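Student: Got a structure here, written out as structure tokens. Questions coming.
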Amino acid sequence: MSNYQNPVFALPSHPQRTLIIARRFGFGLLLFLLLAGGLRLAINRSEAESLRQRTEAGLSRSVIAVRSKPGEVSRKIVLPASLRGNTETQLYARSNGYLSAWHKTIGDQVKKGELLAVIDVPELEQELAQAHAAAAQIKVRLELARSTLKRWTLLKDTDSVIQQEFDEKRSAVLQAEADLAAAHVNVKRLEKVEDYRRIVAPFSGVITRRSVDVGSLINAGSQELFALTQIDPLRLSVWVPQVYSNDVNAGQEVTVRLIEDKGKTIAAHVEHIAGALDPINRSRQVDITLPNKGGKLLPGSYVEILINVVGSKVSPLVVPVNVLVVDQAGTHVVIVDGEKRIAFRPVKLGRDFGREVEILDGVESNDVLVANPSDLLVEGETVSVVETQQKQN
């Protein structure tokens, strides 16, 4: 039997070397696994941080911001107004009847006391004639009573009459005198009413309306006959906002700009200023007198009043109207502070220019304002800002 063995099943000739190789291989494998795990962990952290940044960027709001600009230094305010006559009135009848004639129509210049129209009242003429007749009858009765009293007085001196009868005759005279006085008063009343048939101008001016024609039925006190306006000087009223109300004084010169005459301006003066503000619109009424030599300016025309308020201590800023937020708390704006956080500030408004508005208090010149602020913005929220440049007027 042979003692030869297959080399495949033979033990290594150097066991120590084999063990070292196995250890090195195992250590390298472990190191590889550790490096792979660390690399994977770093990749996961990087992806998580990137996801967090993308999420925060998606959640962060972006706002469009603008800045304010200085307001006008001259402080000239422009207010709308309508021209009116210095004195305006509507003429009504004091008696019923039919219009028999009119002597003036629209556009005619009239003087105080000049006849405008005549009303025909036939029954009034009959009443006046009856009153005259009644007064004449009482006068005859009075003369008879006085003559009778005179004869009874002579008889009384001779003790030929009774005192009671004499007193009755004297009483008849007194009663006739009282009746005659009442009749004269009634005659004067009817003559006064008769005068109301004649419609005359209460002051000098121009006829602006005529509402009746010949034959029209006239009802006393309920139907306008004419409208009369004094056109020199003209008068107009404007309402000055509360913030400027103390900067307007009586006698101050203002400028009236005529819209229909290519913006031509005329100097006028403040005549009266209301002693209080209107509690509804928070403004003060100012009456202005405007000379109108020749009557070229027509009552009822629309004009603009330019008033200088240089004395005001307010330094306004002008901002776009889309930065304003109006709610139950009042009017305020949304600003972005130096840390890009949202803040709400109440403001006090001045003039409204349409697309822009004047802010008198609540905003500084270097504040960044949010245009068209969203209702979702909250106090202290961090936002990203996209600032736009305003066009200069």
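The values are calculated or read from the model by the stated rules, or taken from the named source; none is laboratory data. Here the structure is a predicted model, which is why all the values come from computation and not from measurement. Don't worry about glycine lacking a Cβ; one is built from the backbone with ideal geometry, like all the others, and counts go over all protein chains shown. In case anyone asks, the SASA skips ligands and DNA or RNA and just uses the protein heavy atoms, side chains included. Shrake-Rupley method; radii C 1.70, N 1.55, O 1.52, S 1.80 Å.
Student: Looking at SER374, SER283, SER365, which is the one that is of a type in the set (Ser, Thr, Tyr) and within 18 Å of TRP239 (Cβ to Cβ)?
Tutor: Unique residue meeting the criteria: SER283.
Student: While we're on this one: Restricting to segment 262-307, give me the number of residues that are open to solvent by 40 Å² or more (accessible area, probe 1.4 Å), small (Gly, Ala, Ser) and under 21 Å from the mean Cα position of the chain (by Cα).
Tutor: 3
Student: Could you list, in sequence order, all residues of segment 140-156 that are touching a helix residue (DSSP H, G or I) at 6+ places or on another chain (Cβ under 6 Å) and closer than 16 Å to ALA176 by Cβ?
Tutor: Listed by number, the residues that qualify are ARG141, LEU142, ALA145, ARG146, THR148, LEU149, TRP152.
Student: Also, quick follow-up: Looking only at residues in segment 114-158 that are open to solvent by less than 50 Å² (accessible area, probe 1.4 Å) and not in a helix (DSSP H, G or I), which one is nearest to ARG189 (Cα to Cα)?
Tutor: This residue is VAL121.
Student: Counting only residues that are over 37 Å from the mean Cα position of the chain (by Cα) and hydrophobic (A, V, I, L, M, F, W, C), which one in segment 83-113 is least open to solvent (accessible area, probe 1.4 Å)?
Tutor: Result: LEU99.
Student: Out of the residues in segment 185-204 that are surrounded by 15 or more Cβ atoms within 10 Å (Cβ to Cβ) and in a helix (DSSP H, G or I), which is nearest to the chain's Cα centre (by Cα)?
Tutor: That would be VAL193.
Student: Can we say ALA220 is part of a loop (DSSP other than H, G, I, E, B) and modelled with pLDDT under 90? Show your work before the answer.
Tutor: On the way: part of a loop (DSSP other than H, G, I, E, B): yes; modelled with pLDDT under 90: yes.
So ALA220 fits the description; yes.
Student: Quick check: is even one residue across segment 334-343 within 28 Å of the chain's Cα centre (by Cα), open to solvent by 20 Å² or more (accessible area, probe 1.4 Å) and not small (Gly, Ala, Ser)?
Tutor: No, segment 334-343 contains no residue that is within 28 Å of the chain's Cα centre (by Cα), open to solvent by 20 Å² or more (accessible area, probe 1.4 Å) and not small (Gly, Ala, Ser).
Student: Got at least one residue in segment 172-180 being surrounded by fewer than 17 Cβ atoms within 10 Å (Cβ to Cβ), without any contact (Cβ under 8 Å) to a residue 24 or more places away in the chain and within 30 Å of ILE207 (Cα to Cα)?
Tutor: No, the conditions are met nowhere in segment 172-180.
Student: For segment 159-171, how many residues are in a helix (DSSP H, G or I) and at pLDDT below 85? Write out each step before concluding.
Tutor: Keep residues of segment 159-171 that are in a helix (DSSP H, G or I), which gives 163-171.
In the following step, the residues that additionally are at pLDDT below 85 were identified as 163-170.
Qualifying residue count for the region: 8.
Student: Taking segment 205-217 as the search range and keeping residues that are of a type in the set (S, T, N, Q) and not in a strand (DSSP E or B), which one is surrounded by the fewest Cβ atoms within 10 Å (Cβ to Cβ)?
Tutor: Taking the candidates together, the pick is SER211.
Student: Mind listing whichever residues of segment 248-283 are out of contact with any Pro (no Cβ under 8 Å at 6 or more places or on another chain), charged (D, E, K, R) and in contact (Cβ under 8 Å) with a residue 24 or more places away in the chain?
Tutor: Hits for segment 248-283 are ARG257, GLU260, GLU271, ASP278.
Student: Can you pull out the strands (runs of 3 or more DSSP E) entirely within segment 314-393 that have at least 2 residues that are touching a Pro at 6+ places or on another chain (Cβ under 9 Å), modelled with pLDDT under 85 and not aromatic (Phe, Trp, Tyr)?
Tutor: 348-352, 356-361
Student: Looking only at segment 229-247, count every residue that is touching a residue at least 12 places away in the same chain (Cβ under 8 Å), of a type in the set (S, T, N, Q) and either within 13 Å of ALA81 (Cβ to Cβ) or exposed (fewer than 15 other Cβ atoms within 10 Å of the Cβ) (or both) and tell me the total.
Tutor: 2
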